[in-house]
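Working notes, structure below.
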Amino acid sequence: MTEETPGFDEKPDVPSGATPDDAEPQAASPSSGEGAAPAGDASAQIAGLTAQLDQVRKALEERTADLQRLQAEFQNYRRRVERDRITVKEIAIANLLTELLPVLDDIGRARDHGELVGGFKSVAESLETVAAKMGLQQFGKEGEPFDPTIHEALMHSYAPDVTETTCVAILQPGYRFGERTIRPARVAVAEPQPGAQTVKADSQDSAETADDKESGGPDEG
């Protein structure tokens, strides 16, 4: 009696009307679907990465704008601090120079009276040199027009030889530090003599009339 080995003679089920060779393409058909799935996944990954890149780019632009704003604010702060520092320094120097003005006035009076001699002269000139290096400037001269912004009139008179209000004497010189006037120049001023301009104008008119008569008049050819 011959034993049959199970499984060797079994054949796969084949639908009626089909040959056994038709079953092979059906077995291979699922692989085509499996190959299309990775392409869809790649497109989704690319779209996700693009969205992430856009978010990162937007965040970078926002951080860059914040950094630029902070840098501008810091620069403005530095300029403001530097300006305030310079202002405070100028005020301190101006206050110091203001305290020295009486000493400089005494030196000037001593020089006018010929008393600036010896060691006192050397010390006085050194003090004036230091004050000049710190930016102190003296102003006020005889004969210059009176300017109420830098001059203080202590004496007033009339003079026939001036055509405008003029400083005729400097009673006390003025001082400035940079654009800041520490003390105005105290002066004596003189104004034109009342009626002098009218007389002068009449004299000019008379002279012109005399010239016209000598020349035979303006209308004569």
- Query: For the range 99-126, what are the residues that are part of a helix (DSSP H, G or I), open to solvent by 60 Å² or more (accessible area, probe 1.4 Å) and either of a type in the set (A, V, I, L, M, F, W, C) or touching a strand residue (DSSP E or B) at 6+ places or on another chain (Cβ under 6 Å) (or both)?
  - Reply: 103, 120, 123
- Task: Look through 86, 93 and report the one residue that is exposed (fewer than 12 other Cβ atoms within 10 Å of the Cβ) and out of contact with any Pro (no Cβ under 9 Å at 6 or more places or on another chain).
- Result: 86
- Item | Pick from the range 151-169, criterion within 15 Å of residue 185 (Cα to Cα) and open to solvent by less than 40 Å² (accessible area, probe 1.4 Å), ranking: nearest to the chain's Cα centre (by Cα) | 151
- Residues of the range 68-83 satisfying the condition of being open to solvent by 80 Å² or more (accessible area, probe 1.4 Å) and either hydrophobic (A, V, I, L, M, F, W, C) or outside any helix (DSSP H, G or I) (or both): 70, 74
- Query: Any residue at all in the range 127-134 that is outside any helix (DSSP H, G or I) and surrounded by 11 or more Cβ atoms within 10 Å (Cβ to Cβ)?
  - Reply: yes
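The values are calculated or read from the model by the stated rules, or taken from the named source; none is laboratory data. Predicted, not measured: the structure shown is a model, and the values here were computed from it. Backbone-built Cβ (ideal geometry, glycine too); neighbour counts: all protein chains shown. The protein model used for the area step is the full one, side chains on, heavy atoms only, and it has no ligands, DNA or RNA in it. Shrake-Rupley method; radii C 1.70, N 1.55, O 1.52, S 1.80 Å.
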